[in-house]
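One structure below.
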Amino acid sequence: MGYCSGRCTLIFICGMQLVCVLERQIFDFLGYQWAPILANFVHIIIVILGLFGTIQYRPRYITGYAVWLVLWITWNVFIICFYLEAGDLSKETDLILTFNISMHRSWWMENGPGCTVTSVTPAPDWAPEDHRYITVSECFLEYQYIEVAHSSLQIALALAGFIYACYVVKCITEEEDSFDFIGGFDSYGYQGPQKTSHLQLQPMYMSK
């Protein structure tokens, strides 16, 4: 009963992870955040494999999913530190999330709840010609906190997924070991030792 409940819970967690990361992927595409887009894509693939392994009782798939969740948590912790500008990180000058190929920021920077966007003219000399120079004000919630909330949700789901993945792998392994111990002989058709005959056959010679 507990194993079935844990397995069903892990399936639900995987489903929630897929929904949340797909929502995040959409807004990262809109903001041209190439590094998060790549990470989200890998996460989607591995969550699908973890979901497949849970449904099909494949402990190797679930183990790989659990290992990836550790890396996923690390990535989201970095995202939180980046937007909160921990250490030497700066969300205003560092272009890590766009691989330094554009000056785009989070989509929520201009489209956050209550934000007012004002174009500044003339643009500074250092601003690229294909970018507009703007100021954003009156936001109910700053964009960095929205990104932090997204990453925090991903960390919470990943922690839950990791715990239940370990539990399901443990249950599957114990079930396989129990089957091998109890029904192993029957499954292979155990046969007792055969009696061997000690009678030796002698050659026969016929005279003409």
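Observations, loosely collected:
- Most tightly packed first, judged by the mean number of other beta-carbon atoms within 10 Å of their residues, the peptides 107-114, 29-36 read 29-36, 107-114.
- Whole-Hz ³J(HN,Hα) from phi, Karplus 6.51 cos²θ - 1.76 cosθ + 1.60, for the range 41-52, glycine and proline x: 5, 5, 4, 4, 4, 6, 5, 4, 5, x, 5, 4
Each reported figure results from applying straightforward, stated rules to the coordinates on display, with no laboratory input. Bear in mind the structure is a predicted one, so any value in this text is a computation, not a measurement. Virtual Cβ from ideal backbone geometry, glycine too; neighbours counted across all protein chains shown.
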